[in-house]
Amino acid sequence: MATASTQASSAVPTLSGERTVNWPKRVKSKLANGLEIILVESHSIPRFHGELFFRSGNAAVSHLAPGLADMTATMVRTGTSKRASRQIEEDLRRLGADLSTSAGQDTSAIAFAGLSEFAESLLGLVNELAREASFPDPELERERRQKLEEVKLERTQPGFLAGERLRKVLFGEHPYAKVSPAEAQVAAYKKEELQTIYRQSYTPENALLLLVGDLDPKAMFGTIEKIFAPWSGKKPAIPHAAAPANPRGRRVYLVHVPGAVQTQILCGCHSITRRHPDWIKLGLTNSLYGGAFNSRLVMNIREAKGYTYSPRSGVTPLQQHGYFSVSAAVRNEVVAASLTEIFYELDKLRSLPVPEAELADAQNYLSGVFSMGLATQDGLLSQVATVALNELPDDYLETYRQEVRALTPDDLQSTAQKYLDSANMQIVVVGDRGKIETQAALFGELEICDSQANRLS
Amino acid sequence: MKGPQIAIENKTLANGLRVVIAPDSAAPVVTVGVYYKIGFRLEPQGRSGFAHLFEHMMFQGSANAPKMEHIKLINSSGGVLNGSTMYDVTNYYEAVPSNALSRVLWLEADRMRALKVDDENLKNQRDVVKEEVRVNVLNQPYGGFPWLDMPPIAFRNWANAHNFYGDFADLDAASLADVQTFFKTYYLPNNAVLLILGDVKPEEGFSLAEKYFGDIPRGPEPPFADPNEPPQAEERKGHVEEKFGTLPAIAIGYVLPKRRSAEWCAMALLDQALHGGRAGRIYRDLVLEKQIAVEADGGVDDIFGYNGPAQMTTRIFHKPEISAGATLAGFDEVIHEVQEKEISTDELEQLKIKWWSDYYAMLEGGRGGYMPKYGLMHLLACFSLFDGEPQLVNTILDGFLQVTPEQVQAVAKKYLRRENRAIVFRAPANPGAQKEAA
């Protein structure tokens, strides 16, 4: 016995045969008023998750002011023609439910989760929020004040300042350049504007209702029809967006935060959206570069050099344009050293083929993690939503793993050459100018501003 | 409202390792956790932050899996992994496609058996941890508020009152000898529980546990310092300067009843009455109605997972034009109300439905979309290590669902007293700074 267990303990066990990954059926339908519906069964717990998406967000109304769709979403839960704010909150609790309303660049959404036995009541409340929000004046003034404090506070967060700067540099006149409103813009938000946005974009033609959980699709469809059929409204007209900036050459943008004891680095360049045929290739390339714990970037600047706690890279696939970015919060002394390694790893992937074994590891990682969405209701919802909102093929979930596994070292190298555009990466560093300016200037022409986005040099 | 009926099987190996298996073949995914009964509360004096630094060292190499091998083997099996240090436990966990179960167990057993790390690994992770502290605390507005601010103000026993992330001088003083001593003292099969949840058959799980962990020698029962506090006779207050943020903030913490005492369930529901989202009395009164504050949240951090003094803590970010005193008076009115007047049966019923619903949600997920059953794992681990009874997962709800309005009022009177609380004032150092730059 002792011999057997000693042997067992010194060699890495091989993987046993893989169980088939079976994605549950997505039951799709559409009401006469245009509302798209997708229902998915997942009976792990007696609850369900749902989201009512509207296919327009802050970008669609950014010509009026940044963040207007977000403020509209915020107001949606503060009162309806039938229920005051307090009633809404207590009713949610009575249904064992959570609910949030928000808007990103491309969508607005009412997200909710609760007990299956109260699904009809919760959907009734969601319907009411989507159709009968009353925008009470005192609630707007309260939310406005909270938003004003929030926009002041976000200017003290290094991650926010870095992201804001990068988006501005990458997108220029395009709506995606603006991630948050200025105080004066929040102060000037008008109730009528918010109500117009609500009327125009919270419509069934613009909507997708997605439910995942302990539900019977047939019965649930009947419930949905009963509740949402009387709703009506057209798809909103979305103004044409200006082309994004296309910055050439590396430039460095320093956001000066006096007294910062660490530097937030964020580098980025344009890449692609999820609908692009190269998306899965870029996903794998990113995963191998800096998208996983076991990635080159993390191994280098965290595990070998100890410069940072949480380096990572990612692709942000907004609907109209996507961008690739690399981030790390590093100690002030190693800003230049970290940037050197970030670019070294980018250029290495562009120049040399990935060894087969490393590629196989990355393929296994990405395909394994992708399937983990199966195991929870909210994981499933997020996967199904991604497919639906990006209008990906119906069998996207089923074919993803084999597509990942079919990629070759050549695919990765050509993808890196196309999209890890190191020569044109824009570099943002947020930190104390006195400690990092000379290091930052080594990487390109330097522009310095303060946390309020005022140009300093 | 019926409780869950989760299939749970458990046994203890000859070396004292507890093994708990909760099979569920719905998805081809298995979640594995190893919990050690040592957290940052009882780390060695003079070594603040050590339990957490040590957690990082557990990823740096073991007898047969050198540095990076552990992470590489999990990721390349299609899985994710992490660890976290809490007050009274430290966990290491993985979620992987179920065909990687043997590999995960082998890895966890290898690092339970022998840690193989050197000075370079220690220096590397000390640097990483310092950046973790900077990114989460020192370079963030309201970093560490109030979880690092509160302990030295609220408590007198070093175990509860020290800096859990670690003073940098203490991190620097930590040596490789400290690492091995800590490992030999606490990282023992008889001070741990192994959890296997999801796509596994119980007999297979137990047999693999025996195969990989069975020959790890038992160690002497670890010594645990007394975490109890001397009696508190006064309200405690302290001030912490906010370096970056723009709003004055206050945190109020009340010491909780002992876990699993008769008052514990009533306290949990009182916590929900006060902190349960936007319907909770604190948010409703201070943010939505009186509009003293622009944000108010908090509550009991981990009602099932503490094994020493713990608090229910409220965080309030108040309007600068309203004084800290007036804000606190507004908060005290909310507290006064639950002490003077029973909550209605209707409110209590709402709280119970929400509690029940939240409990199920916690079991299923609980830590992001990519760590299935994290919550179930955590509960099974705490019920094993603290109570010796993992099956409590299926019955613990009953006590909460039987709480009466009188019991809620009684715990409000007994625990929400000034002599049982501590207050942290975190005011911006330079509230005008934001204007100067313009």
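The values are calculated or read from the model by the stated rules, or taken from the named source; none is laboratory data. It should be emphasised that the depicted structure is a prediction, and the values quoted were computed from it without experimental measurement. We place every Cβ from the backbone using ideal geometry, glycine too, and count neighbours over all the protein chains shown. All accessible areas refer to the heavy atoms of the entire protein, side chains included, with ligands and DNA or RNA removed. Shrake-Rupley method; radii C 1.70, N 1.55, O 1.52, S 1.80 Å.
Observations on the structure shown:
- Distance between the stretch A:385-430 and the stretch B:364-417 - C-alpha centres, whole angstrom: 42
- Built amide H within the under 5 Å cut-off of A:R251, gap 5+: A:I427
- Around the amide H of A:G172, modelled in the peptide plane, lie the amide H atoms of A:A245, all under 5 Å away and 5 or more residues distant in sequence or on another chain.
- The phi-based Karplus calculation (6.51 cos²θ - 1.76 cosθ + 1.60; θ = phi - 60°) puts the 3J(HN,Hα) values of the stretch A:388-396 at 5, 5, 9, 6, 7, x, 4, 9, 3 Hz, whole numbers, x for Gly and Pro.
- All alpha carbon pair distances within chain B were sorted into 10 Å bins beginning at 0; the resulting P(r) in whole percents reads 4, 20, 28, 26, 16, 5, 0.
- 222 nm mean residue ellipticity, helices alone, for the protein assembly as shown (DSSP H n ≥ 4; -39,500 (n - 2.57); rounded to 500): -12000 deg cm²/dmol
- Set the Cα radius of gyration of the stretch B:280-438 against 2.2 N^0.38 Å, with N its number of residues, and you get 1.27.
- Cα-based radius of gyration of chain A once divided by 2.2 N^0.38 Å, which approximates compact folds: 1.07
- Here the mean projected area of the convex hull built on the C-alpha positions of the stretch B:74-157 is 8.3 nm².
- Look at the dipole of chain B built from charges on Cβ: of B:A114, B:P222, B:A249, the Cα furthest out on the positive end belongs to B:A114.
- Taken per residue, the accessible surface of the stretch A:27-228 reaches 34 Å², heavy atoms only and a 1.4 Å probe.
- Summed residue charge, Cβ within 13 Å of A:L92's Cβ, Lys/Arg positive, Asp/Glu negative: +2
- Only the Cβ atoms of Lys and Arg (+1) and of Asp and Glu (-1) were treated as charged; on that basis the dipole of chain B about its Cα centre amounts to roughly 260 debye.
- With a 1.4 Å probe rolled over the protein heavy atoms of all chains, the accessible area of B:I322, A:I37 falls in the order B:I322, A:I37, largest first.
- For the protein assembly as shown, projected area of the alpha-carbon convex hull averaged over all directions, nm²: 34.1
- Legend: calculated FRET efficiency, B:K201 to B:K116, from the Cβ-Cβ distance at R0 = 22 Å, rounded to 0.05, equals 0.10.
- Square roots of five times the Cα gyration tensor eigenvalues for the stretch B:189-334, Å: 42, 20, 16
- For A:R275 and A:Y344, a Förster radius of 41 Å and the Cβ-Cβ distance give a FRET efficiency of 0.80, rounded to the nearest 0.05.
- Neighbouring partner chain Cβ atoms per residue of B:134-143, average, 10 Å criterion: 6
- Computed over chain B, relative contact order equals 22 percent, with contacts defined as Cα pairs under 8 Å that lie 6+ residues apart.
- Around B:A296: net Lys/Arg minus Asp/Glu count, Cβ-Cβ under 12 Å: +2
- Label zone at A:T438, where the point sits 7 Å out along the Cα-to-Cβ direction: the stretch A:298-336 residues whose backbone N lies under 17 Å: A:332-336
- When both the stretch A:53-99 and the stretch A:217-267 are represented by their alpha-carbon centers, they are found 16 Å apart.
- Modelled spin labels at A:D216 and A:L352, positioned 7 Å past Cα toward Cβ, are 6.1 nm from each other.
- Solvent-accessible area buried by A and B, counting both chains, probe 1.4 angstrom, square angstrom: 7200
- Looking at the stretch A:251-450, the accessible area is 33 square angstrom per residue; that uses a 1.4 Å probe and ignores ligands, DNA and RNA.
- Size descriptors for the stretch A:222-293 (Cα atoms only): Rg and Dmax, in that order, 21.8, 60 Å.
- Residue-averaged beta-carbon neighbours from other chains (10 angstrom radius) around B:103-112: 2
- Residue-normalised convex hull volume from the C-alpha trace of the stretch A:251-450: 131 Å³ per residue.
- Distance between modelled label sites at B:K414 and A:A237, nm, 7 Å Cα→Cβ extension: 6.8
- Peptide B:269-277 is shielded by partner chain Cβ atoms: per residue, an average of 1 of them sit within 10 Å of its Cβ.
- B:E234-A:T408 FRET efficiency (beta carbon distance; Förster radius 60 Å; 0.05 resolution): 0.30
- Rounded to the nearest 10 Å², the accessible area of A:D70 at probe 1.4 Å: 40
- Extension gain, A:A423-A:V27: 0.36 nm per intervening residue step, less the Cα-Cα distance, totals 138.0 nm.
- Taking the 1.4 Å solvent-accessible surface of the protein assembly as shown as the whole, the part contributed by carbon and sulfur is 51%.
- A probe of 1.4 angstrom, applied to the heavy atoms of all protein chains, finds B:E241 with accessible area near 130 square angstrom.
- Computed 3J(HN,Hα) for the stretch B:18-23, one whole-Hz value per residue from the Karplus formula 6.51 cos²θ - 1.76 cosθ + 1.60 where θ = phi - 60°, is 7, 10, 10, 10, 10, x, glycine and proline marked x.
- Peptide ranges A:302-308, A:397-403, B:264-270 listed from the most packed, as the mean C-beta count within 10 angstrom indicates: B:264-270, A:302-308, A:397-403
- For the set A:R296, A:R275, solvent exposure ranked by accessible area (probe 1.4 Å, protein chains only) runs largest to smallest as A:R275, A:R296.
- Listed values for the stretch A:308-321 are Karplus-derived 3J(HN,Hα) couplings in whole Hz (6.51 cos²θ - 1.76 cosθ + 1.60, θ = phi - 60°), namely 7, 8, 9, x, 6, 10, x, 10, 9, x, 5, 5, 8, 8, and x replaces Gly and Pro.
- Spatial separation of Cα centroids for the stretch B:314-332 and the stretch A:169-207, in angstrom: 32
- Solvent-accessible surface (1.4 Å probe) assigned to A:R155 amounts to roughly 40 Å².
- nm² value of the averaged projected area, convex hull over the Cα atoms of the stretch A:27-228: 12.1
- Computed over neighbours whose Cβ is under 11 Å from that of B:A154, the net charge equals +1, Lys and Arg +1, Asp and Glu -1.
- Three-way shape call for the stretch A:210-254 based on the alpha-carbon gyration tensor, with the a/c threshold at 1.5: oblate
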